[in-house]
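S.K.: One structure follows; several queries about it will come next.
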Amino acid sequence: MLVTLGALALAGVATGGFFAFQAVSGAPPTTAAARSTAPPSAATAQTPPPDAAGTSILNSEQTDPQKLSLSEAFPKKKVGAAGTTFTRVKADMETTCEKAATGEFADALKEQKCSRVLRATYVDSKRRYAVTTGIAVLPDRNAAATADQAKNLSRNIWFRPLPGPEKSGGERVHIAGGYASGLVWGRYIVFSYATHADGHTPEAKDKTLPKVSGAFRDQTSLVLERRITKG
């Protein structure tokens with residue numbers, strides 16, 4: 001995948017992923033957030049490695065027909081990530097996928113016949129970090145890859161973070177700056193977005209949020225790995 005962003009560092013997981021800093025702030029609650037000043041630019045490309053044995057089962061709904069549910073996508077109320085325990089404060093399944101995304105990316109999900117976007121927001125016990133993670137379900141691998149190409153993280157054209165209930169620590173995740181990470185695996189797009197729970201925009205040198213975002217992406221990807229092993 002070719003990703004041109006404000007600042008970029010790659011992390012390869014499954015069939016390839018991206019890991020990027022996204023500085024955002026000051027948007028109304030009805031939008032994901034507006035981009036603010038970003039750190040120095042760096043562009044890079046990554047070609048996903050060939051599918052490992054057995055992963056082709058995820059490439060289409062013909063070989064992977066079972067519908068993904070919230071209980072399968074987010075089986076645990078508490079999860080460990082980057083050495084910290086997080087608690088799920090909200091989960092949601094949107095069957096009109098474009099409502100869970102923004103701009104051209106939302107349009108691409110609709111055009112590629114996305115059937116559902118499952119999202120959950122987690123907050124650590126000290127309410128320092130809030131993370132939205134999730135999975136978008138498309139009919140086949142080509143549809144997922146095509147939709148993914150429509151994202152533009154520098155303009156915040158991607159998935160909408162899911163705000164948690166008031167006083168949960170996750171109520172600002174949709175208007176806070178943070179670190180985004182994700183991957184396309186078969187017919188699925190896995191994503192995560194980690195922020196400071198109080199909503200302040202992280203600095204480019206922030207070391208914790210990238211680890212948290214990457215850990216949640218990897219944790220959520222295990223849902224798909226389990227589908228392969230069951231197959």
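S.K.: Residues Lys151, Lys113: which one is closer than 15 Å to Tyr193 by Cβ, touching a residue at least 24 places away in the same chain (Cβ under 8 Å), open to solvent by 10 Å² or more (accessible area, probe 1.4 Å) and not acidic (Asp, Glu)?
M.R.: Values: Lys113 fails: closer than 15 Å to Tyr193 by Cβ.
Unique residue meeting the criteria: Lys151.
S.K.: Filter segment 74-94 down to residues that are under 17 Å from Pro163 (Cα atoms) and open to solvent by 60 Å² or more (accessible area, probe 1.4 Å), then give me how many there are. Reasoning before the result, please.
M.R.: Restricting attention to segment 74-94, the residues satisfying the condition of being under 17 Å from Pro163 (Cα atoms) are 74, 77, 86-94.
In the following step, the residues that additionally are open to solvent by 60 Å² or more (accessible area, probe 1.4 Å) were identified as 77, 90, 93.
Going through segment 74-94 one residue at a time, the tally reaches 3.
S.K.: Considering only segment 209-223, I want to know if a residue exists there that is open to solvent by less than 20 Å² (accessible area, probe 1.4 Å) and more than 18 Å from Ala82 (Cα to Cα).
M.R.: Taking every residue of segment 209-223 in turn, at least one turns out to be open to solvent by less than 20 Å² (accessible area, probe 1.4 Å) and more than 18 Å from Ala82 (Cα to Cα).
S.K.: Here's a follow-up. Any chance segment 162-185 includes a residue that's touching a helix residue (DSSP H, G or I) at 6+ places or on another chain (Cβ under 7 Å), assigned to a loop (DSSP other than H, G, I, E, B), open to solvent by 10 Å² or more (accessible area, probe 1.4 Å) and in contact (Cβ under 8 Å) with a residue 24 or more places away in the chain? Let's see the steps before the verdict.
M.R.: Pass one, segment 162-185, residues touching a helix residue (DSSP H, G or I) at 6+ places or on another chain (Cβ under 7 Å): 178-185.
With assigned to a loop (DSSP other than H, G, I, E, B) added as a condition, the list becomes none.
No: segment 162-185 contains no residue that is touching a helix residue (DSSP H, G or I) at 6+ places or on another chain (Cβ under 7 Å), assigned to a loop (DSSP other than H, G, I, E, B), open to solvent by 10 Å² or more (accessible area, probe 1.4 Å) and in contact (Cβ under 8 Å) with a residue 24 or more places away in the chain.
The values are calculated or read from the model by the stated rules, or taken from the named source; none is laboratory data. Note that the coordinates shown come from a computational prediction; the quantities given were computed from them, not determined experimentally. Backbone-built Cβ (ideal geometry, glycine too); neighbour counts: all protein chains shown. Only protein heavy atoms, including side chains, enter the accessible area calculation; ligands, DNA and RNA are left aside. Shrake-Rupley method; radii C 1.70, N 1.55, O 1.52, S 1.80 Å.
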